[in-house]
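Presented below is the structure to which this report refers.
The values are calculated or read from the model by the stated rules, or taken from the named source; none is laboratory data. Since this is a predicted model, take the numbers as computed values, not measurements. Please note: Cβ atoms are built from the backbone with ideal geometry, for glycine as well, and neighbour counts cover all protein chains shown. Heads up: the accessible areas ignore ligands, DNA and RNA and are worked out on the full protein's heavy atoms, side chains in. Shrake-Rupley method; radii C 1.70, N 1.55, O 1.52, S 1.80 Å.
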Amino acid sequence: MLTEERHRIIIDLLKDKETVKIHEIAELTEASESTIRRDLTQLEQEKYLKRVHGGASRLQGKLKELTVSEKTSKSLHEKNVIGRFAAGIAEEGDCIFLDAGTTTLGMIEFLPQVDIVIVTNGLTHVDALLQKGFKTYLIGGNVKPTTKAMIGSGAIEALQKYRFDKAFLGTNGIHPQYGFTTPDPEEAQVKKTAIELSREAFVLADDSKFGEIAFSKIADLNEAVVITNRSGDEPDPAYMEKTTVKVVTT
């Protein structure tokens, strides 16, 4: 079978299934697994798919974004593990920016009961922060219905009043060439501003975000440390060359 034929079969498979295994493709195309691995590497470089352990998965749409309730139900264990690790980075006397999102929300229950001040653009975060007794500032702006994030020029203007020791943010995509990305340009600008105003920035992301590219760029990889659950595989050297990747064992 010609290479182009195998590539078309792989692409068609991913239109029907979110993830396909190497052995499935090998059986269907009657090619060796080493040949299929080379095919997947080439197709990933051409941005048709992304490699995952043992196979490949379909790339998300550039504008696709789940609601808070949909995100909350995905990768719960991974988010808890990442959130616990990230919370341990907070220290007495820190001024922290906590981004809207379900992974950052998962940090709150693990934050140490010390004197820290938290600024957030996440409406869903406020009750949990107040219950823990933290001094909390909610920035203004437009409320985004899907993520319950405060965005827009009002949010940017409010953020400019603060300076942070640490910022903890979520992302929809992590890519060695295109950096951190998210579907909404206004939400991307809030995240970018928070990074610029922080001494240190940390992006919290489960392993499904690697290789994804969303519509709007937040920042280059070297502008933040990545905290992820990529257990089982060593982080791709392409990412390690651009930033620090802290892998949390799950």
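Note down the relative contact order for the stretch 1-54 as a percent, whole number, built from C-alpha pairs under 8 angstrom at least six residues apart.
33 percent
Enumerate the calculated ³J(HN,Hα) couplings along the stretch 104-120 in order (Karplus 6.51 cos²θ - 1.76 cosθ + 1.60, θ = phi - 60°), each rounded to whole Hz, writing x wherever the residue is Gly or Pro.
Result, ordered by residue: 5, 4, x, 5, 4, 5, 9, 4, x, 7, 10, 7, 10, 10, 10, 10, 9 Hz.
Taking a probe of 1.4 angstrom, what is the accessible area of SER208 in Å², to the nearest 10?
About 50 Å², rounded to the nearest 10.
I'd like to know which of PRO145, VAL126, ALA155 lies farthest towards the positive end of the charge dipole of the stretch 91-157, counting +1 on Cβ of Lys and Arg and -1 on Cβ of Asp and Glu.
PRO145
Work from the charge dipole of the chain (Cβ charges, +1 for Lys and Arg, -1 for Asp and Glu, about the Cα centre) and give the residue of LEU59, THR136, ILE82 farthest towards its positive end.
THR136
Could you give the size of the charge dipole of the chain about its Cα centre, using +1 on the Cβ of each K and R and -1 on the Cβ of each D and E, expressed in debye and rounded to the nearest 20?
420 debye
Wrap a convex hull around the Cα atoms of the stretch 121-235, take a quarter of its surface area, and give that in square nanometres.
One quarter of the hull surface, i.e. the mean projection, equals 7.7 nm².
Compute the signed sum of charges (Lys and Arg +1, Asp and Glu -1) over the other residues within less than 9 Å, Cβ to Cβ, of GLY179.
0
Among LYS17/LYS148; LYS148/LYS192; LYS47/LYS217; LYS15/LYS242; LYS217/LYS242, which pairs are too far apart, with a Cα-Cα distance over 21 Å?
Check vs 21 Å cut-off fails for LYS17/LYS148; LYS15/LYS242.
Going by the alpha-carbon gyration tensor, a ≥ b ≥ c the square roots of its eigenvalues, is the stretch 66-197 rounded (a/c under 1.5) or, if a/c is not under 1.5, prolate (a/b greater than b/c) versus oblate?
Because its axes are fairly even, with a/c under 1.5, the stretch 66-197 counts as rounded.
For the chain, what D do you get in µm² per second when you plug the Kirkwood radius from alpha-carbon pairs into Stokes-Einstein at 37 °C and 0.692 mPa s?
173 µm²/s
Heavy atoms only, 1.4 Å probe, whole protein assembly: order PHE110, PHE215, PHE210 by accessible area, highest first.
Descending accessible area places them as PHE215, PHE110, PHE210.
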